[in-house]
Amino acid sequence: MTTLRVEMHQITKRYGDLTANDGIDLVVEPGTVHAIVGENGAGKSTLMNVLYGMVRPDLGSIDINGERVDLTGPHDAIRRGIGMVHQHFMLVPSLSVAENVIIGSAPTRGGLINRRQAREIVRRVSDEYGLQIDPDDRVGELPVGSQQRVEILKALYRGAELLILDEPTAVLTPQEAVELGRVMRQLTESGKSALFISHKLKEVMAVSDEITVMRRGRVTGRFSAGETDERALARTMVGREVMTTVAKAPAESGATVLEVRDLAANDDRGHQAVRGVSLSLCAGTITGIAGVEGNGQTELIECLAGLRPTLSGEVRLSGVEITGASPRRRRTLGMSHIPEDRLKRGLAPNRSVAENLVATTYRSASFTRFGVIRRAEVRSNAEEAIGRFGIAGRHDQPVAALSGGNMQKVVVARELAQDPDVVLIAQPTRGVDIGAIENIHREIVALRDRGAAVLLVSAELDEVMQLADDLYVMYEGRLVAQLDPTAVHENEIGMHMAGVTPGRSNAESMTGGDRAR
Amino acid sequence: MRVDISMQRMRTAATAGLRVIVRQLEPLLLAFLIVAVVLLVSGYDVPAVFKSLLGSFVTDFYGMLRWATPMILTGLATAVAFRARVWNIGMDGQLLIGALAGGAFALYVAPLFSPNLGVLVVLIASLTGGALWALPAAILRVRWGVPEIITTILLIEIASLLVSWLVLGPMKGQGALGASMSTDQVDQSMWLRPLKWQEPATVGFYISVAVAIFIGWYLMRSRHGFEISIFGDNRQFASYAGMNNPWIVVRTMLISGALAGLAGGLEVLGSMHRLPSEFAANLGFQGIAVSLVAGNNPFGIILGGVFFGGLKAGGTTLQLQTETPRDVVDIISAIVILVITARVGYQFLGRRQPRLLSRFVRSVQEKEGA
Ligand SMILES: Nc1ncnc2c1ncn2[C@@H]1O[C@H](COP(=O)(O)OP(=O)(O)O)[C@@H](O)[C@H]1O
Ligand SMILES: [Mg+2]
């Protein structure tokens, strides 16, 4: 087996007026874990796709072991020992691990697929790198972390010496992420290398040897993990000093505002996604729900917002039953909602910032008189919000012309404008740059301090742990634990997120909707 | 310094405006090109055809306005619906029923009133008729999710059969006219006044323009207009924001149908002065082309309506002068619709739009910027 040394020289890729990669140099030494960090849109994926032969650069060259190569496509990259694990796995759920691994390049005997040999290969590779995968498991039944390892195994089976992983930990529980880090380290022992993208600086610091920071299509910093810290990385990523923790006083809990009892709801495919959730939100409190995505959090929030039918259960807002109420009625009763997918649900992208800012309140007398929109008021409302939330944009610009972070600010500005009593917040900082995250966190805490009851759902464990005053973990449609975010260890939350109940404290864990506290 | 900035702003605004116009003209030019090729291949005298087609803009000014009158209205009907992404393409049916309602009221009800009031009653009847004909499609859509793009088309056929049956049966005219498959004539006191003696265009044209201005205002300023634009941009967002989506669809369809119906009423009072059993001028269909060319903008629709009105008028002389079938005009509209929908579809798939002339504009812009 030969090791692989990859050099990328002056890689430049333009999309129209936008330069996604601007003269990037990158060297990946064999036997190292190399991390690429950078804000959204920095050009990380583009660079990786260039290396995997999926995107052809406009300028620049790639050398593999000193030899200039012209990658014509992924098959070419694979042939030269470069493998890639995409964020969306390309596996067949109904087939076994072994079958998935050998698809397309199966060992054959007399024209027939040699299953026995395939199983042996899988077992051998799995043992070698500590992947802990059973070749006979059905892929569809495996948890996401294991599926990802099947993808890794597939790449290794095809002879990958350099493994590219594009944001591999975005879909993992904390434990799974740690496990992945261990696998990457193990790869380097046999001289292989891993090139992975992440925006979680903590894990980057933990597993990588080399770190390359990108901003706006350029490399803004190269570090060895030993010589830097998270703060310096964040500064290089954003281009200015960033606060990573939120200052927050203890909560002053008030009366119960939103009461949910035994709520159940289906997902879009008609499978039950929320299975008997009970919780109460108090004024002046942030209630966080942690959990790996896809465990019913989305459906729970949509159901509470009136955007998804309720199968059973009851919801009361300030004592008023609102179980089947329309979104409009909920809004008039003081509920607002920052949805997880702002472009799909939270904005009209081709309409102006000003229009988006009044889309939930345009009916009120301050914006409409005799069925006619009061344009001056709509405009001054927008200008005020733009100033208060620091939205980089004009009132008459279409929202789609803003950056992700500014779009999010438009949503936040609109949803907080009415001084709501209850705010449902889902993934508030997804796709938002580090620099803007800090602001959004501060707004959420300020909202709480003004006496609102906040329900916060986030896949970022750090985020919920920092912000929440009261913390639940959601797993397979149920709230499986209620925890004290100041006292609990990340590992324990991680176990709950993975559906494992930690043996010791039964007082804190719960089953179904029965609250133990 | 300040002067500089405002100059630059004006220039960007001007190039942006130019770009919009070019973008809208592209499909038209493409349509002309394709038609030219088709005519050439079929052995027609292409220069003569275009001369006579476009000549009517000058020689048949009032003919142009006469056809612009209904086309502006069906164009507006299209714009209101399409802005909400409600695909009412059955304006021809709503126009027929508008004409039927208008005709019936003109014959049987309006004589009870003074002529002016009579005209008003007739026009209100045609508005209502068109709206009612759009209603079933709206209800099927919001209640059972039946695509309006199908139901509105089917309702054209039904409208056409209904009108034929009524005009050849219960509403059949008495005198010499009766023999020619139409109702009696509407009382002359209610005919719309021509803009010029013995010319085909009437004050109906002013009505169309006024309605266009009103609809422009309505879409941009009214609460319903606001809802239409939000709903048309992102339905999921509209429901999230607490808008009543079914009601938005129903209201939009009613307005759209009413506008097409009004076009029918004006046809009866302004041009036909009776209700024939059949009149297939494809005015609804042409309205789609008018609105698309105008980017669904009511003020642009006035221009678009006049332009397609000119083509339509030209089509009539065309047949006389060059023995080319007047269907050429419909072919042009059809190609325009195809090109624009293809372009929108392209956008929908997230691809870059194919560009012909806009590339030229961009190069001009770049030079300017340099
Ligand atoms: N196929 C494409 N067409 C146009 N623009 C693209 C394309 N792919 C990426 N971009 C743009 O290039 C920039 C860098 O994107 P990407 O490499 O995905 O960033 P990252 O992975 O760092 O978030 C972004 O602004 C993105 O919108
Ligand atoms: Mg990316």
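State which residue is farthest from the other protein chains (Cβ to nearest Cβ) when the search covers only segment A:327-339 and only residues that are surrounded by fewer than 22 Cβ atoms within 10 Å (Cβ to Cβ) and either in contact (Cβ under 8 Å) with a residue 40 or more places away in the chain or not charged (D, E, K, R) (or both).
It comes out as A:G334.
Residue check: is A:G324 more than 10 Å from every other protein chain (Cβ to nearest Cβ) and not in a helix (DSSP H, G or I)?
Considered against the rule, which asks whether it is more than 10 Å from every other protein chain (Cβ to nearest Cβ) and not in a helix (DSSP H, G or I), A:G324 comes out as yes.
Let's see how each residue does on (1) farther than 30 Å from A:S326 by Cα; (2) away from chain A (no Cβ under 14 Å); (3) among the basic types (K, R):
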position	(1), (2), (3)
B:G232	no, no, no
B:Y240	no, no, no
B:N244	no, no, no
B:V249	no, yes, no
B:S256	no, yes, no
B:G264	yes, yes, no
B:A313	yes, yes, no
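Could you tell me whether any residue of segment A:59-67 is among the small types (G, A, S), within 16 Å of ligand 2 (Cβ to nearest atom), more than 14 Å from every other protein chain (Cβ to nearest Cβ) and surrounded by 15 or more Cβ atoms within 10 Å (Cβ to Cβ)?
Checked segment A:59-67: no residue is among the small types (G, A, S), within 16 Å of ligand 2 (Cβ to nearest atom), more than 14 Å from every other protein chain (Cβ to nearest Cβ) and surrounded by 15 or more Cβ atoms within 10 Å (Cβ to Cβ).
Residues that are over 11 Å from A:P57 (Cα atoms) and within 9 Å of ligand 1 (Cβ to nearest atom), at least 1 per element: which strands (runs of 3 or more DSSP E) completely within segment A:1-46 meet that?
A:18-28, A:33-38
Do we have any residue at all in segment A:233-242 that's surrounded by 15 or more Cβ atoms within 10 Å (Cβ to Cβ), away from ligand 1 (no atom under 16 Å from the Cβ), over 22 Å from A:P168 (Cα atoms) and in contact (Cβ under 8 Å) with a residue 24 or more places away in the chain?
yes
Scan segment A:47-78 for residues that are out of contact with any strand residue (DSSP E or B) (no Cβ under 6 Å at 6 or more places or on another chain), charged (D, E, K, R) and either within 15 Å of ligand 1 (Cβ to nearest atom) or touching a residue at least 12 places away in the same chain (Cβ under 8 Å) (or both) and report the count.
2
Of the numbered conditions (1) of a type outside the set (G, A, S); (2) within 16 Å of ligand 1 (Cβ to nearest atom); (3) surrounded by 21 or more Cβ atoms within 10 Å (Cβ to Cβ), A:V171 fails exactly one; give the number of that condition.
With respect to (1) of a type outside the set (G, A, S); (2) within 16 Å of ligand 1 (Cβ to nearest atom); (3) surrounded by 21 or more Cβ atoms within 10 Å (Cβ to Cβ), A:V171 is out only on (3).
Which of the residues belonging to segment A:341-363 are open to solvent by 50 Å² or more (accessible area, probe 1.4 Å) and either at the interface with another protein chain (Cβ under 8 Å from one of its Cβ atoms) or in contact with a helix residue (DSSP H, G or I) (Cβ under 8 Å, 6 or more places away or on another chain) (or both)?
A:L343, A:K344, A:N350, A:R351, A:R363
Could you tell me whether segment A:391-402 includes any residue that is open to solvent by less than 20 Å² (accessible area, probe 1.4 Å) and modelled with pLDDT of 90 or more?
yes
Could you pull out every one of the helices (runs of 4 or more DSSP H) wholly within segment B:69-179 that has 2 or more residues that are touching a Pro at 6+ places or on another chain (Cβ under 8 Å)?
Fully inside segment B:69-179 and qualifying: B:115-144, B:148-168.
Results for (1) more than 26 Å from B:T316 (Cβ to Cβ); (2) in contact with a helix residue (DSSP H, G or I) (Cβ under 6 Å, 6 or more places away or on another chain); (3) without any contact (Cβ under 8 Å) to a residue 12 or more places away in the chain, shown as yes or no for each residue.
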site: B:G145; (1), (2), (3): yes, no, yes
site: B:V163; (1), (2), (3): no, yes, no
site: B:G173; (1), (2), (3): no, no, no
site: B:V186; (1), (2), (3): no, yes, no
site: B:W191; (1), (2), (3): no, no, no
site: B:G204; (1), (2), (3): no, yes, no
site: B:S208; (1), (2), (3): no, yes, no
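Here is a yes/no grid of residues against (1) within 16 Å of ligand 2 (Cβ to nearest atom); (2) modelled with pLDDT of 90 or more; (3) open to solvent by 30 Å² or more (accessible area, probe 1.4 Å):
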| position | (1), (2), (3) |
| --- | --- |
| A:S126 | no, no, no |
| A:Y129 | no, no, no |
| A:Q132 | no, no, yes |
| A:G140 | no, no, yes |
| A:P143 | no, no, yes |
| A:V150 | no, yes, no |
| A:G159 | no, no, yes |
| A:L163 | no, yes, no |
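Considering each of A:D76, A:D17 in turn, give the residue that is on the phi < 0 side of the Ramachandran plot, among the acidic types (D, E) and at pLDDT below 90.
On inspection, the qualifying residue turns out to be A:D17.
Could you tell me whether segment A:249-258 includes any residue that is free of Cβ contacts under 8 Å to residues at least 40 places away in the same chain, open to solvent by less than 40 Å² (accessible area, probe 1.4 Å) and either out of contact with any His (no Cβ under 9 Å at 6 or more places or on another chain) or not β-branched (V, I, T) (or both)?
no
List the residue pairs whose Cβ atoms are under 7 Å apart, where the first residue sits in segment A:193-220 and is under 24 Å from A:T245 (Cα atoms) and open to solvent by 10 Å² or more (accessible area, probe 1.4 Å), the second is away from ligand 1 (no atom under 13 Å from the Cβ) and among the charged types (D, E, K, R), and the two are 6 or more positions apart or on different chains.
The qualifying pairs are A:L201/A:E230; A:K202/A:E230; A:M205/A:E230; A:V207/A:R185.
Count, please, the residues in segment A:364-387 that happen to be surrounded by 15 or more Cβ atoms within 10 Å (Cβ to Cβ), within 13 Å of chain B (Cβ to nearest Cβ) and among the small types (G, A, S).
Count: 0.
Kindly indicate which of A:L51, A:L71 is within 16 Å of ligand 2 (Cβ to nearest atom), at pLDDT 90 or above and in the same structural domain as A:R216 (by the TED database).
Only one candidate passes the filter, namely A:L51.
Considering only residues of segment A:30-44 that are under 15 Å from the mean Cα position of the chain (by Cα) and within 11 Å of ligand 2 (Cβ to nearest atom), which is surrounded by the most Cβ atoms within 10 Å (Cβ to Cβ)?
A:G38
Conditions (1) part of a helix (DSSP H, G or I); (2) more than 16 Å from ligand 2 (Cβ to nearest atom), marked per residue:
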| position | (1), (2) |
| --- | --- |
| A:V178 | yes, yes |
| A:Q186 | yes, yes |
| A:A194 | no, yes |
| A:E203 | yes, yes |
| A:A206 | yes, yes |
| A:T212 | no, no |
| A:G221 | no, yes |
| A:M237 | yes, no |
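Can you tell which of B:V109, B:V119, B:V186, B:V167 is loosely packed, with under 15 Cβ neighbours inside 10 Å, at pLDDT below 95 and among the β-branched types (V, I, T)?
The conditions single out B:V109.
Run down B:G232, B:G257, B:G216 and say which single residue is touching a residue at least 40 places away in the same chain (Cβ under 8 Å), surrounded by fewer than 20 Cβ atoms within 10 Å (Cβ to Cβ) and either of a type in the set (S, T, Y) or not in a loop (DSSP other than H, G, I, E, B) (or both).
None of the other options fit; the residue is B:G216.
Condition first: among the polar types (S, T, N, Q) and assigned by the TED database to the domain that holds A:G60. Can you find one or more residues in segment A:238-251 that meet it?
no
Among the residues of segment B:189-210, count how many are touching a Pro at 6+ places or on another chain (Cβ under 9 Å), not in a loop (DSSP other than H, G, I, E, B) and not small (G, A, S).
Looking only at that region, the number is 3.
The values are calculated or read from the model by the stated rules, or taken from the named source; none is laboratory data. Bear in mind the structure is a predicted one, so any value in this text is a computation, not a measurement. Cβ sites come from the backbone with ideal geometry, for glycine too, and all protein chains shown count toward neighbours. Ligands, DNA and RNA are stripped out before the accessible areas are found, and what is left, the full protein with its side chains, is counted by its heavy atoms. Shrake-Rupley method; radii C 1.70, N 1.55, O 1.52, S 1.80 Å.
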